[in-house]
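Every read-out reported here was derived from the displayed coordinates using simple, explicitly stated rules and does not represent laboratory data. Since the model is a prediction, treat every value here as computed from it, not as a measurement. Please note: Cβ atoms are built from the backbone with ideal geometry, for glycine as well, and neighbour counts cover all protein chains shown.
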2 protein chains.
Amino acid sequence: MSQDGVGVDLETSLGYLLKQASTALRVAMEEVLRPLGMSVTHYACLELLAQRPGLSNSELARGAFVTRQTMNVLLQALERVGHVTRPAEAPVGKVLPTRLTPRGRRSLEKATVAVRSVEVRMLAGMTEAEQSDAFRLLQSMIHSLRDGNDGARVVARHTSRRARTGVQRA
Amino acid sequence: MSQDGVGVDLETSLGYLLKQASTALRVAMEEVLRPLGMSVTHYACLELLAQRPGLSNSELARGAFVTRQTMNVLLQALERVGHVTRPAEAPVGKVLPTRLTPRGRRSLEKATVAVRSVEVRMLAGMTEAEQSDAFRLLQSMIHSLRDGNDGARVVARHTSRRARTGVQRA
DNA sequence: TGACTCATGTCAGCATTCTGACATACCGTG
DNA sequence: CACGGTATGTCAGAATGCTGACATGAGTCA
């Protein structure tokens with residue numbers, strides 16, 4: 001209906017398109033993961049652990065793009081159902097290295113297949129060369145956003161820890 | 001730290017990179033929007049209304065990638081502070097066309113500048129041609145994900161629901 | 001015209017994630 | 001060694017978005 005002639009730049013905005021793509025991907029993943037009783041963050045956590053055994057809570061959080069608090073509650077749940085294990089005491093410092101249990105690994109396997117199929121579908125219609133291009137271009141955007149910062153010297157970024165204080169909503 | 005030799009495919013996954021890029025963009029936007037007391041969804045709503053006056057609640061929801069319920073509470077808040085207006089009664093059907101007030105428009109203008117700067121930063125280091133490539137590739141991914149579906153006829157999904165009649169297009 | 005399907009607006013309850021805060025452990029520098 | 005700076009794990013409360021559900025209006029088809 002609203003087909004106006006204005007140079008609506010949402011239609012031409014890469015940022016908007018990026019959000020759209022990411023949303024489509026998330027939805028598609030939720031779709032195939034739901035039957036397995038698994039959320040995207042849930043899957044990301046397991047996949048990270050499979051590929052890098054012994055990651056800590058904080059490292060997992062960064063890898064899954066959530067706060068370490070959020071990852072912590074997820075890990076506690078996963079521990080309860082026996083998908084991961086953490087030592088009762090930290091071998092060094094406070095860092096608790098997490099590992100998949102055989103059971104967790106089996107659970108992951110089904111999920112990996114499902115997720116892989118989504119990624120394959122997403123890449124359908126793109127040549128190898130185009131996939132490489134996409135990879136390179138996305139990396140460029142990420143890099144520019146991360147440290148191509150204006151004035152505000154971002155040093156830490158826990159996960160996104162600029163956080164002045166909460167947003168005062170309208 | 002954990003730099004194992006395993007062919008860690010999270011490092012080469014376009015899906016993972018897409019999420020990373022989208023997260024970086026969201027964080028960057030929140031950063032510049034926070035001083036203005038505005039969230040990303042909040043901004044998206046105003047921007048949509050500026051470019052397509054008279055959009056309905058549901059159309060705005062689809063355009064901002066949230067459910068219509070979520071958009072509804074946002075609109076009520078925006079109405080309360082006088083940034084948008086909706087007729088008390090629907091001119092036709094149940095659809096309430098929403099419009100920006102002058103005040104809402106002023107509020108948007110500042111935000112637009114801020115957001116534009118983020119997008120410019122994100123595109124820094126990319127040529128025009130590369131930006132076009134990125135656009136085309138993202139569109140391809142979105143399209144493949146949306147209807148390149150495998151048998152599983154999922155209908156549910158308030159948000160990306162069909163949307164033949166809405167903002168969607170492309 | 002009546003039945004059916006679909007989209008919309010909205011209320012209410014629930015889930016997930018986030019922000020705030022605290023204690024603690026490591027590391028570099030003076 | 002003491003100290004400031006940074007990271008970590010974790011608990012608790014708050015915000016944000018989502019699912020469920022309902023009534024209503026419009027379009028379609030027989």
Can you pull the mean other chain C-beta count within 10 Å for peptide B:27-37? 5
Return the long-range amide H neighbours of residue B:96 (sequence gap of 5 or more, or a different chain), with a cut-off of under 5 Å between placed amide H atoms. B:57
Taking the Cα centre of the stretch B:1-137 as origin, sum charge times position over the Cβ atoms of Lys and Arg (+1) and Asp and Glu (-1), and report the length of that vector in debye to the nearest 20. 900
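Counting only other chains, what is the mean number of Cβ atoms within 10 angstrom of the Cβ of each residue in peptide B:126-138?
Mean partner shielding for this stretch: 5.
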For the residues A:42, B:143, what sequence is obtained by ranking on other C-beta atoms within 10 Å, fewest first? B:143, A:42
FRET efficiency estimate (nearest 0.05) - Cβ-Cβ, residue A:146 to residue A:85, R0 35 angstrom: 0.60
Could you go through the stretch A:103-112 in sequence order and give the Karplus-derived ³J(HN,Hα) for each residue, using 6.51 cos²θ - 1.76 cosθ + 1.60 with θ = phi - 60°, rounded to whole Hz, and x for Gly and Pro? 5, x, 5, 5, 4, 5, 4, 4, 5, 4
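Taking loop as defined by DSSP and a crowding limit of 15 other beta carbons within 10 Å, which GluC sites (Glu not before Pro) in the stretch A:1-110 fit?
Sparse-neighbourhood loop GluC sites (Glu not before Pro): A:11, A:89.
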List every residue whose amide H lies under 5 Å from the amide H of residue A:84, counting only residues 5 or more places away in sequence or on a different chain, with H placed 1.01 Å from N in the peptide plane. A:79, A:101
From the phi angles alone, apply the Karplus equation (6.51, -1.76, 1.60; θ = phi - 60°) to the stretch A:51-63 and give each ³J(HN,Hα) in whole Hz, x where the residue is Gly or Pro. 8, 9, x, x, 5, 8, 3, 5, 5, 5, 4, 4, x
One can check that the equivalent ellipsoid of the stretch A:1-103, built from the alpha-carbon gyration tensor with semi-axes equal to the square roots of five times its eigenvalues, has lengths in Å, largest first, of 38, 16, 10
In whole angstrom, how far apart do the alpha carbon centroids of the stretch B:66-82 and the stretch A:115-133 sit? 37
